[in-house]
Amino acid sequence: MDQTAEAIAELIRGRQFVYANETELHAGLAEVLADRGLSLRREVRLSAQDRVDLLVALPGRALGIEVKIAGAAGDVRRQLRRYAASDQIDELMLITTLRRHLAGLGDDLAGKPLTQVLLRGRL
């Protein structure tokens, strides 16, 4: 598998995930990525207040993945901006089930690439 954020996004977009809550979705995503040979850690602390859902080691960089199935779009944007300020993350990915979370987001935050993934509904 090509180890880029876009390749990971395409892999995720092509899957259906079965979950009852965000924690179960994290687990399903982690399983899919690990099965593809990607090295990752879950719930990685970036600061005293911030913890990214998944941190994936890519060649020469780290991809922080945040997963959202609920919440206000403004809260999601603020959270991603804080994550972008972390020196532990080189690029970000937002995986969400809600189109509103993607509104107003560009393809980078604080100079770090941002990949957006809108998941199909849960089964």
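Residues that are part of a helix (DSSP H, G or I), out of contact with any Leu (no Cβ under 6 Å at 6 or more places or on another chain) and among the hydrophobic types (A, V, I, L, M, F, W, C): does region 77-97 have at least one?
No - not one qualifying residue is present in region 77-97.
Criterion first (under 17 Å from P113 (Cβ atoms) and either of a type in the set (K, R) or open to solvent by 10 Å² or more (accessible area, probe 1.4 Å) (or both)) does L55 satisfy it?
Criteria met by L55.
When the residues of region 15-36 are narrowed to those that are outside any helix (DSSP H, G or I) and open to solvent by less than 60 Å² (accessible area, probe 1.4 Å), which ends up nearest to I95 (Cα to Cα)? Steps first, please.
Step one: of region 15-36, the residues outside any helix (DSSP H, G or I) are 15-21, 36.
Cutting the leftovers down to open to solvent by less than 60 Å² (accessible area, probe 1.4 Å) gives us 17, 19.
Values: F17: 12, Y19: 14 Å.
If we take residues in region 15-36 being outside any helix (DSSP H, G or I) and open to solvent by less than 60 Å² (accessible area, probe 1.4 Å), then F17 is nearest to I95 (Cα to Cα).
Go through the residues of region 72-82 one by one and say whether even a single one is surrounded by 14 or more Cβ atoms within 10 Å (Cβ to Cβ), modelled with pLDDT under 95 and touching a helix residue (DSSP H, G or I) at 6+ places or on another chain (Cβ under 6 Å).
yes
What are the pairs, 6+ residues apart or on separate chains, where a residue within region 82-95 that is more than 12 Å from G60 (Cα to Cα) has its Cβ under 6 Å from a residue that is of a type in the set (S, T, N, Q)?
Every condition considered, the pairs that remain are M93/T115; L94/Q116.
Residue by residue through region 12-31, note down the ones that are closer than 16 Å to A57 by Cβ and touching a helix residue (DSSP H, G or I) at 6+ places or on another chain (Cβ under 8 Å).
Listed by number, the list holds a single entry, L29.
Looking at region 59-70, which of its residues are open to solvent by 10 Å² or more (accessible area, probe 1.4 Å) and in a strand (DSSP E or B)?
R61, A62, K68, listed by residue number.
On the given criteria, is L40 under 13 Å from M93 (Cβ atoms), touching a residue at least 60 places away in the same chain (Cβ under 8 Å), of a type outside the set (V, I, T) and touching a helix residue (DSSP H, G or I) at 6+ places or on another chain (Cβ under 8 Å)? Don't jump to the end; show me each part of the working.
Details: under 13 Å from M93 (Cβ atoms): yes; touching a residue at least 60 places away in the same chain (Cβ under 8 Å): no; of a type outside the set (V, I, T): yes; touching a helix residue (DSSP H, G or I) at 6+ places or on another chain (Cβ under 8 Å): yes.
Here the answer is no, as L40 does not meet what is asked.
Of L109, L92, which residue is at pLDDT below 90, of a type in the set (A, V, I, L, M, F, W, C) and surrounded by 15 or more Cβ atoms within 10 Å (Cβ to Cβ)?
Going through L109, L92 in turn, just one is at pLDDT below 90, of a type in the set (A, V, I, L, M, F, W, C) and surrounded by 15 or more Cβ atoms within 10 Å (Cβ to Cβ): L109.
Which ones in region 12-28 are in contact with a Lys or Arg (Cβ under 9 Å, 6 or more places away or on another chain), touching a residue at least 24 places away in the same chain (Cβ under 8 Å) and closer than 16 Å to T96 by Cβ?
Once the filter is applied, which keeps residues that are in contact with a Lys or Arg (Cβ under 9 Å, 6 or more places away or on another chain), touching a residue at least 24 places away in the same chain (Cβ under 8 Å) and closer than 16 Å to T96 by Cβ, region 12-28 yields R13, Q16, F17, Y19, E22, L25, H26.
The values are calculated or read from the model by the stated rules, or taken from the named source; none is laboratory data. The structure presented is a predicted model; accordingly, all values stated were derived computationally and were not measured. Glycine also receives a Cβ, built like all others from the backbone with ideal geometry; neighbour counts cover every protein chain displayed. Note: accessible area is taken over every heavy atom of the protein model, side chains too, but ligands, DNA and RNA are not part of it. Shrake-Rupley method; radii C 1.70, N 1.55, O 1.52, S 1.80 Å.
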